[in-house]
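Encoded as structure tokens, the structure appears first; notes follow it.
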Amino acid sequence: MEKLREGGFLITKIRQLSQQIFNNLLKDYNLNEISAAQGRVMFPLWQKDNISFQELKRKALLSKATLSYMLDKLEEAGHIKRIRSEEDKRTINIKLTKKNKVLQEKYFQVSNKMNEIFYKDFSEKEINEFEGYLRRLLDSLIQVSKENKLKNI
């Protein structure tokens, strides 16, 4: 009998627990303005501000409808602005506001705390190898989703 692999199950459990811990940390740091789900949209913007809707959609791995809804909420709260591109009027760029820059610092503190939790007792080499494996897994999943024409990619 073939051994039953647990990778997907383990990833699901890790995601569930890490999201619970992350939400608790957001409360501990009084970050009530932004949810963990919204952080998924903000993180790519914090890495590179003023990116197109399409690029953000690709980086956040969200459907057009879901991303639009989240951006509506973030814009209402004053965290982002949608700006029409000067080069291509059909393109909408997403830009962070000054209000969000202050929030970003606190959010990074929470992210750093999560990294401490994630990588407790891991060496630098182990972290690099682990993240390399995760990137390979993600790339495989993205490829399959493209081949199957899934909406989020």
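Only the coordinates and a few stated rules stand behind these numbers; no lab work does. Quick caveat: nothing in here was measured; it's all calculated off a predicted structure. Positions of Cβ are generated from backbone atoms using ideal geometry, with glycine treated the same way; all protein chains shown enter the neighbour counts.
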Going through the cross-link list Lys57/Lys89; Lys27/Lys81; Lys57/Lys146; Lys89/Lys149; Lys57/Lys113, which pairs have a Cα-Cα distance over 23 Å in this structure? Lys27/Lys81; Lys89/Lys149; Lys57/Lys113
Could you tell me whether the chain comes out rounded, prolate or oblate from its Cα gyration tensor? Rule is a ≥ b ≥ c as square roots of the eigenvalues, rounded for a/c under 1.5, then prolate if a/b exceeds b/c, otherwise oblate. oblate
Running a GNM on the chain with Cα contacts under 10 Å, which residue among Glu75, Glu33, Glu131 ends up with the highest mean-square fluctuation? Glu131
Label model pair Val144, Tyr69: point-to-point distance (7 angstrom along the Cα→beta-carbon line) in nm is 2.5
Here the net charge surrounding Glu75, from other residues whose Cβ is less than 9 Å away from its Cβ (Lys, Arg +1; Asp, Glu -1), is +1
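Classify segment 1-68 as rounded, prolate or oblate from the Cα gyration tensor: take a ≥ b ≥ c as the square roots of its eigenvalues, call it rounded if a/c is under 1.5, otherwise prolate when a/b beats b/c and oblate if not.
Values: a/c = 2.97, a/b = 1.37, b/c = 2.16.
Oblate is the answer for segment 1-68, as a/c is 1.5 or above yet b/c matches or exceeds a/b.
If each residue of separation counts as 0.36 nm, what is the full-extension length gain between Lys3 and Phe130 once their alpha-carbon separation is subtracted?
Full-extension gain reported as 43.5 nm.
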